[in-house]
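Visitor: Below are the structure tokens for one structure; questions will follow.
The values are calculated or read from the model by the stated rules, or taken from the named source; none is laboratory data. Every value quoted in this text rests on a predicted model; they were computed, and no experiment measured them. Note: ideal-geometry Cβ built from the backbone for every residue, glycine included; neighbour counts use all protein chains shown.
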Amino acid sequence: MSSTASKALAGLLSISISCAVTFALPRLVTTAVMSPDGAADVMHLTDEPGNWFASEATGTPVTVIEAGERVDFKIGNCCTNTRHTVTFIMQPEGSSVDLDQDKSQMGTLSATFEVPGVYLIVCKIHPYMTAVVAVLDEGGLARALDG
């Protein structure tokens, strides 16, 4: 993960609302390191209430990456004995990322995010399990809603 994306997400610096919602994400002091297999971040699906998806980079259910980077979703490794799914329920217009599991499974699922914006993810079995992948554009913004 580049230093630009890996330092993002201490809280919202600004939210501007007009025809779109745009998030300017501030920089953190720490730097996340790209996983050895090339993923910008790894999201572990857990059995921990309130942190059902846990980003290795942020420790929260939110990760911030740059366009073109990959996130791995790991089910059943360190953090859960329960079966889960990974399904995108919202993504930016023009995105071709397609992850919609019909059945639960254990293992790793990967997605590469080419289009900047906000992606909302849910477990179909446990709909209270949600995560966000914020993909920054060249200006360091993640556009949440176009319209």
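Visitor: Give the residues of region 134-147 that are buried (at least 17 other Cβ atoms within 10 Å of the Cβ) and farther than 15 Å from Glu69 by Cβ, sorted by residue number. Show your work before the answer.
Guide: Start the filter on region 134-147 by keeping residues that are buried (at least 17 other Cβ atoms within 10 Å of the Cβ), which leaves 134-136, 140-144.
Of everything in region 134-147, those that are buried (at least 17 other Cβ atoms within 10 Å of the Cβ) and farther than 15 Å from Glu69 by Cβ turn out to be Leu141, Arg143, Ala144.
Visitor: Something else: What's the total number of residues in region 96-115 that are modelled with pLDDT of 90 or more, assigned to a loop (DSSP other than H, G, I, E, B) and among the hydrophobic types (A, V, I, L, M, F, W, C)?
Guide: Looking only at that region, the number is 1.
To keep it simple, each residue is scored yes or no on (1) over 21 Å from Thr58 (Cβ atoms); (2) within 16 Å of the chain's Cα centre (by Cα).
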site	(1), (2)
Thr82	yes, no
Glu93	yes, no
Leu99	no, yes
Ala111	no, yes
Glu114	yes, yes
Val118	no, yes
Cys123	no, yes
Glu138	yes, no
Leu141	no, yes
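Visitor: What's the number of the only condition in (1) surrounded by fewer than 17 Cβ atoms within 10 Å (Cβ to Cβ); (2) closer than 19 Å to Leu141 by Cα; (3) among the aliphatic types (A, V, I, L, M) that Ala57 fails to meet?
Guide: Among (1) surrounded by fewer than 17 Cβ atoms within 10 Å (Cβ to Cβ); (2) closer than 19 Å to Leu141 by Cα; (3) among the aliphatic types (A, V, I, L, M), Ala57 violates only (1).
Visitor: In region 109-133, how many are closer than 14 Å to Phe53 by Cα and surrounded by 16 or more Cβ atoms within 10 Å (Cβ to Cβ)?
Guide: So the count comes out to 11.
Visitor: Which residues, taken from region 34-93, are among the β-branched types (Val, Ile, Thr) and assigned to a loop (DSSP other than H, G, I, E, B)?
Guide: Thr46, Thr58, Thr60, Thr80, Thr82, Thr85, Val86
Visitor: Take the conditions touching a residue at least 24 places away in the same chain (Cβ under 8 Å) and buried (at least 17 other Cβ atoms within 10 Å of the Cβ) and apply them to Ile89. Does it pass?
Guide: On the way: touching a residue at least 24 places away in the same chain (Cβ under 8 Å): yes; buried (at least 17 other Cβ atoms within 10 Å of the Cβ): no.
The answer is no for Ile89.
Visitor: Sticking with this one: Given the conditions (1) in contact with a Phe, Trp or Tyr (Cβ under 7 Å, 6 or more places away or on another chain); (2) without any contact (Cβ under 8 Å) to a residue 60 or more places away in the chain; (3) over 21 Å from Leu141 (Cα atoms), which single one is not true for Tyr119?
Guide: (3)
Visitor: Do we find that Ala67 is touching a residue at least 60 places away in the same chain (Cβ under 8 Å), farther than 26 Å from Glu48 by Cα and of a type outside the set (Ser, Thr, Tyr) in this structure?
Guide: Criteria met by Ala67.
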